[in-house]
Structure formats: C-alpha cells, structure tokens
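Student: Supplied in structure tokens, the structure appears directly below.
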Amino acid sequence: MITRARILVAVLTVVALATCSVALLAGSRWFAPTTAAQVLVESIRGEAASDPVDTAILVKLRLPRVVGMFAVGALLAAAGALLQLVLATPLADPYILGASGGAGVGALLSLWLGLLGGTALAAFAGACVATALTLAIGRAIGGSPVHLLLSGLCVSALTGAAMSVLLLGTAATGHGAAPALAWLLGGVIPSDWSTITAGLTVAALIILGSLLFGRDLDVLTLGEDPARALGVRPNRVLLVVVLATALATGIAVSLAGLIGFIGALVPIATRALLPASARMNVPAAALLGGTSLVLVDALARTVLRPTELPAGVIAACLGAPIVLLVIRGEAVGRARL
Amino acid sequence: MSTRRIRHYAAALTTVSLLALTLAACGDGPAADDAPARSGPAAFPVTITDAAGDKVVVRDRPKRIVALFDVNVATLDEIGADAQIVGIDDFAAAPKDAPASLPRIGGDNFQFDAEAVVELEPDLVITSIGTEDALDQQLRDVGIQVLSLGYPGTIDATLDHVTTLGAVSGHVDEASALVDELRSGIDRVTDIAADTAPVKVYYETDASVSGKPYTVGPGSLIDELLARAGARNVFADASGFAPQVSFEAIVDAQPAVIVLADAKGFVGPRFLGAVTVDSVEARPGFDTIPAVRDDAVRPVRADELLVPGPRLAEGLAALLGAVHPELADEATAAAQS
C-alpha cells in the first residue's frame, strides 16, 4: 500500500508540473512550447525581450495566474484534507469552520466602504476572525470536533446573514454588486507575487507539518481517549490544525475569491485512493488540488475565449461528477475484493 | 435606475448563468404595432407589444405617468411629455422643468416602493428590464397599467423606443421629429468616420473586479456605435454583450485606442472602482499596448451620452472624438446641426 501511495504521489507531481506547463501555454494567445521556453529564459536571464507582448502576457500576466491558482488549490485541498482527518468526517472542508463566510464578509465590507484595494487583506482578516470565533465558541461549548463543527455551522449561518445584508449594501452604494459577486464566485485572478509566495510557503509548511506530525494526526482519528492514551494531546493538535487551515484559507480567498469544491472534493478523492494516513493524504491532496485548480482556471479563460468564466463555477460543474465517479469506482473496487 | 446599474445586473446574470443572449434578445425592444406615424395626438387607443411580448392596449392619453429608468424619463421630457410625469425612480435625472418635489419611488438594488407608486394614482407606469418581479406584477395586481419597455440594445431599438414612448404618451409628432433628428444626426456623424480605416479599440465599462474588467461584446449598443465611430471593437467576438475579459486578453488584442467609460471624473461619485488613465497605463503588461505607448487612453462620459436616449447622436460624436481626436470637432458639429 505504501508503495502504491508513493507511486501515486510521484504521478501526481508529474501531472502537476505537466498541467502547469500546458496551462502556461493556453489562453487568449497560445504559445508553442519552444516560444514559451525562450520567453521564460530571456526573462530569467534579464535579457531584452525578443517579443515584448509575448513577455508581457506570459511572464507578467499568465505566470502569476497559474502559480497563484496552483497555490490556492494546494492550500484549499491541504486544509480540507487536514480538517477531514482531525474532524473525522469527509464532509469537512476549509470553509466548514466559517472561514469562507468570514472572508466573504471581509471582502464585502471593504467593497461597501469603497476600499477596493484592501479587499484581499479584508478577506484574509475576515477568514481569521471567523475561524477564531468558531474556535472560541467550540471550546466554550465543549471543545470536541463535533462541538467545533456545530460552532462552525452557527458562525457560517451568521456570516451568511451578514453577507446578504452587505450584498444589498454594496448594491445600494451604486456599483458594488459585480465585484462582490466575483468574490463570492471565485472570479478573482491572482496577481500579487508576495501573496502568491506566502501561499506557496504556507502550503509547503502544511505539507512539511503533516509529514513530521503525521503520526499524531493519524492517532487522533482513533478518537480522543485512545489518542490521549498514546500520548497525543487532541486539543493542542486540533488548535494547531485549525490555525493552519485558517491561515491557508485566508490566503487562498484573498488570492482568488471563494472557490468551492476543491477543498472538499479533492481530499475525498485522495482519501478514496490512498490509505488513511496524513503523511500521504495531505501532500497528495495539495498536489491534486493545485493541479485541479490550474486546470479549471485554464478552462475558465479558454472555453469562451476571450470571455472569462468564474473558476468556481467550472470547479463545481467538473468536480462534483468526477469525485462521485472516483468514490463509486473505489466502492466497486472494494466490493470485488 | 441608471443604465450602468442595468448593465451590472445584466453582467451578473451573464456571469452566473450565461443568459446574456436572452437579455440581448430582450434588448431588441418592443415596437409600436399600430402607432400611426403622423396622425397627430388623437390616436388612442394604442396597442403596444411590451418587452415580454404581450400586447398592451393604452386606451386613453395618460395624464399621470410614473417613469422608471433615466432613458425613459429623458425621452419623455424631450418629446414634451414632461408635464404628464408624476413620479420617477431614484436614479433618473428629473425632467428639465420638473419641480424639485417630483416624487421618487426608489430603485436602489431594484427595490421599489410599490405603495408610493399606487399613491401617485398613475394611469400608466413605464418600467424596464429587471423590474418585472420587483414591481411590475405587484402594480398589475392592483389594476395599474404597466408597460415594460426593456432596454433598447441597438440604434434601431432606440429609435423604436422613442416612437413607442411618443405613441403611448400622446406625443406622436414630437417623437417622430426626435427620431428624424436622431437618425440624421447619427448618419451625419457616421459619415465622418466612414472613410477612415477602422481603429482597433478596447472599450472598458467597469474594472472593479480585480484583473477582469467588463467590456462590450457583439450585439451591444456600444459595439454598434463603435463600428460607426470608425472603430473595430477588439472584443467583437466575445460571448455576451457585457463580457468579462482578462488583462491578458486585452494585451493580446493590442488595441490602438482604449476608451474608458469608467474613469474618475467621468462617472458619478457612487461608481465603485473608477479608474484613471494612469492606473490603466500602469497595469501589468499594458506598456506593450499601442494605445498606452501612444497616449491614446481616453475617457468618455458614457453614463450621460452613450445610453439609448435622446442624446445618442451626441454620444456617438463623443465616441468618435475619443477614437479619432482629429475628427472630434467635426463630429460634435455634425451631431448638433
């Protein structure tokens, strides 16, 4: 099984690199691989561009978009995998603890106040505040994963109501409805390299953490008492996981808006294909999540070229049936054994 | 409501469900079936096909009209029906001779005060796209005649719209005169650019969504006006009449002129995310666009002029002036003479 898992992670890495490469070539202008390589090499060496328009499109616009989307997909899927493990339910996703609603409220609040440039930061702050609130309420009512889920449910309901009010508010201030909708549909293009770098760093740290502390996470899935008996402090692990996922979700939302399904469905798919080990599932989910979102975003900009579709919509349309097929395939496979 | 709000409403629908083509079809607008062209004011009853395709019979010349949507109000004012207007929405400019106390009946976020409309005891309410659920049905339920005229999406539809408003308000001759004046003004301006080689133009309506501005697509009024202004819309092959495009697609299109309908100082104070010429020129990769290199990024007063109302010839002249500055004076004179 471990061998099979290693092979799968290796395959996912290759597929991720291949998908990102193809995504770099696809868009309003298609590049031949040789042209793209030449443009990138020129740019890395700091040489004068032989075609400035190619360089502008490939290096200044498409590269941050592809890398940023990979970071977002990896963050969401890794966060989802972690939460599904520690909350012991395949229904968990990065948004289940209120981060999405919080980010939405933050984004809408900044739009409502007319702070268009501060939208990403406000989304990040909103995600963190809402998750902190979920954590505080969850601990106040008991502190177990179930209490945390219930608390997240309540915070999500509250932020949902707040978003509705703000959506009316942004529309009322004149012209906020379109950007607000874009945020909620995940229709934002990553462009800021410092946020993208932060996203990749956090994703790498989450993978590293899951490799180093995978045993603690796995033990936690046995239940709280067995975990304690084996020397793991469930609440501490839970706290670290929740903080890490809030950070991951906040950065992801600030980069690309609210993108659903990746964070929920990708970990379900990897979980169906891999043994229930955090050391395998979190890195695999991160790779598959990043790859999926890069693919989805490439489709979003090419299907109705030059018209852009929201990535979140395509992710939902493609993701749901594919994951159902994976789960069904796995179930059929198990039945045959 | 302003046309910009309607466009946002349409853009949101495009984003969510790609209903743009359906809406564009609505934009073809209703026509006055039996409105006699030159038979003077006493031509009632008048039968009109409304935006939903239903026959509406206006039995007598209306004495109390509530008009929503600035183009409806402006056109009624222009054809001498201003004295019949007893209420307008919150966004329309009041008729020139209207008292400051002219009642406003809402319109923020498509929320209308139906009770206020009923209190005005109108014998005709003229509405537009997007008000069907918010207002029209409620008024019909209490027996008030509602005429939903849709949003004129072409020059011909605009002229039909004027004719229709003349027929239902009992100002057939004035409407006919305005149609002639508009048609000849538009033709005179069109002639000016007829011999110039079409210039590639990118027309931006709203850039409040980070990295993915809205432009105009095929079948839109602006697309039609651009063709008459000696321009070729670089997104004439996009999907929908309010498509969202990426910076990448704009850089790829290499427009010779960029026309901004969303520039600070040229849009109302409630416009969220207005741009400046400098901010557009500073976008990543835009330094490779001919329009930016040649200082051909030009704002227009689109909300006042580039709407399907009585100032359309003037609007076309303004657009032509933005595309071909050397012809601006000639175009302005041609629109007025």
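Student: Any idea which residue in segment B:240-253 is farthest from B:GLU224 (Cα to Cα), counting only those that are at the interface with chain A (Cβ under 7 Å from one of its Cβ atoms) and part of a loop (DSSP other than H, G, I, E, B)?
Tutor: For segment B:240-253, the residue satisfying everything is B:SER246.
Student: Exactly one condition in (1) within 17 Å of A:TYR95 (Cα to Cα); (2) away from every other protein chain (no Cβ under 14 Å); (3) of a type in the set (Val, Ile, Thr) is not met by A:VAL253; state its number.
Tutor: (2)
Student: Also, I was wondering about something else. Those residues that are at pLDDT 95 or above and of a type in the set (Lys, Arg), I need them from segment B:273-294; list them, please.
Tutor: B:ARG293
Student: Oh, and also: Does segment A:70-77 contain at least one residue that is of a type in the set (Val, Ile, Thr), surrounded by fewer than 23 Cβ atoms within 10 Å (Cβ to Cβ) and under 19 Å from A:PHE124 (Cβ atoms)?
Tutor: No.
Student: If you scan segment B:68-97, which residues turn out to be within 15 Å of the chain's Cα centre (by Cα) and at negative phi?
Tutor: B:LEU68, B:ASP70, B:VAL71, B:ASN72, B:VAL73, B:ALA74, B:THR75, B:LEU76, B:PHE91, B:ALA92, B:ALA93
Student: Would you mind stating whether B:TYR214 is buried (at least 23 other Cβ atoms within 10 Å of the Cβ), of a type outside the set (D, E, K, R) and at pLDDT 95 or above? Full working, then the answer.
Tutor: Working: buried (at least 23 other Cβ atoms within 10 Å of the Cβ): yes; of a type outside the set (D, E, K, R): yes; at pLDDT 95 or above: no.
Criteria not met by B:TYR214.
Student: Step by step: first the residues of segment B:217-229, then only those that are of a type in the set (Gly, Ala, Ser) and buried (at least 24 other Cβ atoms within 10 Å of the Cβ), then the one that is farthest from the other protein chains (Cβ to nearest Cβ). Which residue is that? Break it down into steps so the answer makes sense when it comes.
Tutor: Just the residues of segment B:217-229 that are of a type in the set (Gly, Ala, Ser), to begin with: B:217, B:219-220, B:227, B:229.
Filter once more, keeping what is buried (at least 24 other Cβ atoms within 10 Å of the Cβ): B:217, B:220, B:229.
On the way: B:GLY217: 7, B:SER220: 13, B:ALA229: 21 Å.
Going through the qualifying residues, I end up with B:ALA229.
Student: Sort through B:ALA318, B:ALA335 and tell me the only one that's in contact (Cβ under 8 Å) with a residue 24 or more places away in the chain, surrounded by 19 or more Cβ atoms within 10 Å (Cβ to Cβ) and either in a helix (DSSP H, G or I) or assigned by TED's automatic domain parsing to the domain that holds B:PRO95 (or both).
Tutor: That would be B:ALA335, the only listed residue that is in contact (Cβ under 8 Å) with a residue 24 or more places away in the chain, surrounded by 19 or more Cβ atoms within 10 Å (Cβ to Cβ) and either in a helix (DSSP H, G or I) or assigned by TED's automatic domain parsing to the domain that holds B:PRO95 (or both).
Student: Can you pull out every residue in segment B:201-222 that is part of a strand (DSSP E or B) and either polar (S, T, N, Q) or out of contact with any helix residue (DSSP H, G or I) (no Cβ under 7 Å at 6 or more places or on another chain) (or both)?
Tutor: B:GLU204, B:THR205, B:THR215
Student: With the condition kept exactly as written, say whether any residue in segment B:121-131 is without any contact (Cβ under 8 Å) to a residue 40 or more places away in the chain and acidic (Asp, Glu). It would help to see each step written out before you state the result.
Tutor: Step one: filter segment B:121-131 for residues without any contact (Cβ under 8 Å) to a residue 40 or more places away in the chain, giving none.
So far as segment B:121-131 goes, no, none of its residues is without any contact (Cβ under 8 Å) to a residue 40 or more places away in the chain and acidic (Asp, Glu).
Student: Filter the strands (runs of 3 or more DSSP E) completely within segment B:37-121 down to those with at least 1 residues that are under 14 Å from B:ALA167 (Cβ atoms).
Tutor: Correct list: B:46-49, B:55-58, B:65-67.
Student: Can you pull out the residues in segment B:229-245 that are closer than 13 Å to A:VAL303 by Cβ and free of Cβ contacts under 8 Å to residues at least 60 places away in the same chain?
Tutor: B:ALA238
Student: Go through A:ALA244, A:ALA285, A:ALA276 for me and flag whichever is crowded, with 24+ Cβ neighbours inside 10 Å and not acidic (Asp, Glu).
Tutor: Working: A:ALA244 fails: crowded, with 24+ Cβ neighbours inside 10 Å; A:ALA276 fails: crowded, with 24+ Cβ neighbours inside 10 Å.
It is A:ALA285.
Student: While we're looking at this one, here's another question. Residues that are under 30 Å from B:TYR214 (Cβ atoms) and either facing another protein chain (nearest Cβ under 7 Å) or at pLDDT 80 or above (or both), at least 1 per element: which helices (runs of 4 or more DSSP H) completely within segment A:169-224 meet that?
Tutor: Because the criterion is at least 1 residues that are under 30 Å from B:TYR214 (Cβ atoms) and either facing another protein chain (nearest Cβ under 7 Å) or at pLDDT 80 or above (or both), the helices (runs of 4 or more DSSP H) in segment A:169-224 that meet it are A:177-184, A:193-212.
Student: Tell me, yes or no, whether segment A:55-78 has at least one residue that is modelled with pLDDT under 85 and within 14 Å of chain B (Cβ to nearest Cβ).
Tutor: No, segment A:55-78 contains no residue that is modelled with pLDDT under 85 and within 14 Å of chain B (Cβ to nearest Cβ).
Student: If you go through segment B:283-290 one residue at a time, do you hit one that is in a loop (DSSP other than H, G, I, E, B), surrounded by fewer than 20 Cβ atoms within 10 Å (Cβ to Cβ), touching a residue at least 40 places away in the same chain (Cβ under 8 Å) and within 14 Å of another protein chain (Cβ to nearest Cβ)?
Tutor: First, the residues of segment B:283-290 that are in a loop (DSSP other than H, G, I, E, B): B:283-285, B:289.
Filter again for surrounded by fewer than 20 Cβ atoms within 10 Å (Cβ to Cβ), leaving B:284.
From what's left, touching a residue at least 40 places away in the same chain (Cβ under 8 Å): none.
So far as segment B:283-290 goes, no, none of its residues is in a loop (DSSP other than H, G, I, E, B), surrounded by fewer than 20 Cβ atoms within 10 Å (Cβ to Cβ), touching a residue at least 40 places away in the same chain (Cβ under 8 Å) and within 14 Å of another protein chain (Cβ to nearest Cβ).
Student: Any chance segment B:165-181 includes a residue that's under 16 Å from the mean Cα position of the chain (by Cα), in contact (Cβ under 8 Å) with a residue 12 or more places away in the chain and within 27 Å of B:ALA43 (Cα to Cα)?
Tutor: Yes, there is a match, as at least one residue in segment B:165-181 is under 16 Å from the mean Cα position of the chain (by Cα), in contact (Cβ under 8 Å) with a residue 12 or more places away in the chain and within 27 Å of B:ALA43 (Cα to Cα).
Student: Sticking with this structure for a sec: Mind counting the residues in segment B:293-326 that are within 14 Å of another protein chain (Cβ to nearest Cβ) and under 20 Å from B:GLY265 (Cα atoms)?
Tutor: 2
Student: Quick test of your reading of the structure: A:ARG301 fulfils all but one of (1) within 14 Å of chain B (Cβ to nearest Cβ); (2) in contact with a Pro (Cβ under 9 Å, 6 or more places away or on another chain); (3) among the charged types (D, E, K, R); (4) in a helix (DSSP H, G or I). Name the failing condition by number.
Tutor: (2)
The values are calculated or read from the model by the stated rules, or taken from the named source; none is laboratory data. Only a predicted model underlies this, so the values are computations on that prediction, with no experimental measurement involved. Glycine also receives a Cβ, built like all others from the backbone with ideal geometry; neighbour counts cover every protein chain displayed.
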